[in-house]
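Scroll down for the structure; my scribbles are underneath it.
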Amino acid sequence: MVKKAFRIIPVLSLAAALAGCDDGSSSTKTPGGDGGAEASTATDGAGGACGDRSGTYKELEIMLPDINDDDVTITSKTDHDLHILCFWAVWCTPCQAELAKMGPMWEEMKDRGLNIYAISIDGPDSTSRVPGFAQSQGYKFPVLLDRETEVLAQYNPKGDIPFYVILDADGNVVKSHQGYVKGDMVGLKKYLDTTLPKCDAEGADAPAAEASAE
């Protein structure tokens, strides 16, 4: 059985479910780049245009296998990183629509400390379809496997998807959202843009405007 380690952190709040779906020896890596492709250092896939992201601020107590069955530990590279754990499954159409919108946001904001993880909760009947599906969709962010839904249960005991939770650099829950409808990503992008640090002309970090979680 693949080793999983995670810290139990209570969900602060859950939005009402909208258009949701019901839940129906390897190396250790730090995430980044193509959904499960080999990442040799902690800086892969993180970018470096917004200040120095070459180090490691903190490793969170969340470890899951990727689609290559390599263990991935979610890691903050700076103290302002944000991590979106986006839970989905190949049989969940709203989940796929949500992930399609997550991709461009990650590309735009990854240099500012945004990390997105597409965490599949597919079980024995569909988990074999996850690698091919992820590759066909061209997911660039890491695709991880929560086959027994243990990580999902820590943040959403109901187990309904689509569901995402945002963690800060220390692993604290700062925002969560249940369900997906058209327009959801507008509010999320605004929240991320005002919370993540801006970059000045020299590439250094500048403080972001304060924003409260929904």
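Residue-wise test of (1) surrounded by 20 or more Cβ atoms within 10 Å (Cβ to Cβ); (2) hydroxyl-bearing (S, T, Y); (3) modelled with pLDDT of 75 or more.
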residue: E38; (1), (2), (3): no, no, no
residue: T41; (1), (2), (3): no, yes, no
residue: D44; (1), (2), (3): no, no, no
residue: D52; (1), (2), (3): no, no, no
residue: G55; (1), (2), (3): no, no, yes
residue: I67; (1), (2), (3): yes, no, yes
residue: D70; (1), (2), (3): no, no, yes
residue: D79; (1), (2), (3): no, no, yes
Original post:
What helices (runs of 4 or more DSSP H) lie completely within region 57-175 and have 1 or more residues being at positive phi?
Top reply: none
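Name the residue that is surrounded by the most Cβ atoms within 10 Å (Cβ to Cβ), counting only residues in region 120-147 that are acidic (D, E) and over 22 Å from T75 (Cα atoms).
Here the answer is D122.
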**OP:** Kindly indicate the residue of region 157-194 that is within 15 Å of the chain's Cα centre (by Cα) and either among the charged types (D, E, K, R) or farther than 26 Å from K77 by Cα (or both) and also surrounded by the most Cβ atoms within 10 Å (Cβ to Cβ) among those meeting that condition.
**Re:** I161
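The values are calculated or read from the model by the stated rules, or taken from the named source; none is laboratory data. This one's a predicted model, so the numbers in the text were calculated from it and none came from an experiment. In this analysis, Cβ positions are derived from the backbone assuming ideal geometry, glycine residues included, and neighbour counts consider all displayed protein chains.
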